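To keep things clear, I will list the structure first and then write my remarks on it.
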């Protein structure tokens with residue numbers, strides 16, 4: 001049966017962990033869905049893993065819609081969430097509504113994800129959810145703020161911890177159906193998860209979240225420089241390179257026969 005927002009919340013209550021991975025094209029999305037992944041996030045990380053940018057900032061809304069539509073065609077069971085890219089939602093709630101509406105209407109996404117909390121993003125999430133657009137929040141390390149935060153762990157000072165905790169609670173109260181907690185201390189993630197009635201999805205946030213997410217390129221060993229909190233389950237860079245080298249050798253030696 002298809003994964004729904006209501007099912008995710010029920011799974012939190014049942015303490016059934018939620019599996020989330022990223023996808024950027026039809027082929028990867030289809031494999032993830034067939035493997036039983038619950039939430040398939042078209043992350044703006046595709047800026048790096050698919051488009052070769054140094055960070056997430058350059059990817060455009062048009063590019064995100066293009067990739068989300070491809071992913072959606074490959075998914076039958078999982079919940080497809082589209083990351084709204086930098087400057088497609090921060091300027092005003094009206095721009096956010098337009099961008100999120102396009103993600104649902106044109107690309108077939110079932111929800112969108114936005115980064116940040118107080119004060120503007122809480123108000124934006126409230127307006128999006130009020131008109132029926134499901135929103136996943138994201139606090140802690142927010143990659144679209146790389147030039148302000150860098151990639152260091154967030155929530156390590158008392159002030160940061162208080163801010164991130166309050167942002168997560170406020171986003172939940174504004175109507176977010178789930179929240180990504182990225183690269184924050186385990187203890188903070190545990191407090192947020194216990195307090196919120198909606199699922200928390202952790203990445204580098206310890207074992208106490210309601211689910212976990214990884215960038216699929218990191219999981220598959222395709223990323224040349226994965227973050228320290230990622231885990232590779234296979235080294236496809238090595239496998240693919242060896243396969244291509246073997247093919248090249250066979251072609252050049254005349255051994256390749258189709």
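Laboratory data are not the source of any read-out in this text; all were calculated from the coordinates shown. Keep in mind the model is a prediction, meaning the values are calculated, not measured. Backbone-built Cβ (ideal geometry, glycine too); neighbour counts: all protein chains shown.
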Angle between the Cα long axis of helix 236-253 and the longest principal axis of the chain, 0 to 90 degrees, nearest 10? 20
Given contacts defined as C-alpha pairs under 8 Å and at least six residues apart, what's the relative contact order of region 1-80, whole-number percent? 40
Only one of the listed values, (1) 1.04; (2) 0.95; (3) 1.25, was derived from the coordinates as Cα Rg over 2.2 N^0.38 Å; which label is it? (1)
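I need the peptides 184-194, 47-57, 7-17 ranked by packing, meaning the mean over residues of other C-beta atoms within 10 angstrom, with the highest value on top.
Working: 184-194: 19.5, 47-57: 16.5, 7-17: 14.3.
Per-residue Cβ counts within 10 Å, averaged per peptide and sorted highest first, yield 184-194, 47-57, 7-17.
Please report the relative contact order for region 5-253, taking Cα pairs under 8 Å with a sequence separation of at least 6, and give it as a percent rounded to a whole number. Can you show the working numbers first?
Values: 484 pairs, mean separation 40.2, N = 249.
Across region 5-253, relative contact order equals 16 percent.
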Per the helix-only model, the chain has a calculated mean residue ellipticity at 222 nm (DSSP H runs of ≥4, -39500 (n - 2.57) each, divided over all residues, rounded to the nearest 500) of -13000 deg cm²/dmol
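Go through 150-158, 65-73 and give me the packing order, highest mean Cβ count within 10 Å leading. Numbers along the way, then the final one.
Details: 150-158: 13.9, 65-73: 21.2.
So the peptides 150-158, 65-73, ranked by packing, come out 65-73, 150-158.
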Roughly how tilted is helix 120-130, in degrees to the nearest 10 and between 0 and 90, from the longest Cα axis of the chain? 90
Mind pulling the angle between the C-alpha long axis of helix 186-195 and the longest principal axis of the chain? Nearest 10 degrees, somewhere in 0 to 90. 60
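Could you sort the peptides 27-39, 222-234 by per-residue average Cβ neighbour count (10 Å cutoff), highest mean leading? Mind dumping the intermediate values first?
Numbers: 27-39: 18.6, 222-234: 13.2.
In descending order of packing, they fall as 27-39, 222-234.
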